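The structure appears below as C-alpha cells.
Rule-based calculations on the coordinates, nothing more; no lab input. Just so we're clear, the structure is a prediction, and the values are computed from it rather than from any experiment. Glycine also receives a Cβ, built like all others from the backbone with ideal geometry; neighbour counts cover every protein chain displayed.
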Amino acid sequence: MAETIFARMLRGEIPTRFLHEDEHCVAFADIAPQAPFHVLVVPRRPLTNIGAAETADGALLGHLQLVAAVLAKAAGYADFRIVTNSGAGAGQSVMHLHLHVLAGRTLRWPPG
C-alpha cells in the first residue's frame, strides 16, 4: 500500500487529536467536514479500502463500525450515517480504508 497521510498520522509524524484510540483503530475529526459531526475511523492496519478486504478482516470491519456508532451516540446523535468509499471513482481520496461518520444535519438519499 502506498504511503498515506493517515499512515503518517498513525506514526505520530502529523500531530492529531484522536477522539478514540485502541489497538485496532483511531478516530479523529475530518478536516473538511460535510456535516456538523464528521469523524473518520481509521484502522491501524494498512488496508487500502473495503474492496481489498478479505474474510479474515471481518472482525476488524465490525469493530470499525461499532466504534463509529459509539462515537456518534457519545456525541449525542441517535441518527447518523457511516460511509466508506472504495476506489477513486467512488470518491476515495486517501487510499487507506476509513469510515466517515456523519451526523447533525439531514442526510439525503442518494448521497451523490
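Among all residues of the stretch 90-106, there is at least one that is over 14 Å from residue 28 (Cα atoms), free of Cβ contacts under 8 Å to residues at least 12 places away in the same chain, surrounded by 12 or more Cβ atoms within 10 Å (Cβ to Cβ) and of a type in the set (A, V, I, L, M, F, W, C). Would you point out the residue of the stretch 69-82, among those that are part of a loop (DSSP other than H, G, I, E, B) and surrounded by 15 or more Cβ atoms within 10 Å (Cβ to Cβ), that is nearest to the chain's Cα centre (by Cα)? Taking the candidates together, the pick is 80.
Taken over the stretch 83-97, the criterion of being over 15 Å from residue 34 (Cα atoms) and either part of a loop (DSSP other than H, G, I, E, B) or in contact with a His (Cβ under 9 Å, 6 or more places away or on another chain) (or both) is satisfied by 86, 87, 94, 95, 96, 97. Residues in the stretch 24-68 that are under 12 Å from the mean Cα position of the chain (by Cα), of a type outside the set (A, V, I, L, M) and not in a loop (DSSP other than H, G, I, E, B): 25, 28, 38, 43, 63, 65.
Could you please find all residues in the stretch 3-26 being closer than 12 Å to residue 40 by Cα and touching a His at 6+ places or on another chain (Cβ under 9 Å)? Matches in the stretch 3-26: 6, 25, 26. Name every residue in the stretch 13-55 that is surrounded by 13 or more Cβ atoms within 10 Å (Cβ to Cβ), of a type in the set (Val, Ile, Thr) and farther than 19 Å from residue 107 by Cβ, in order of residue number. Residues satisfying the conditions are 16, 26, 42, 48, 50.
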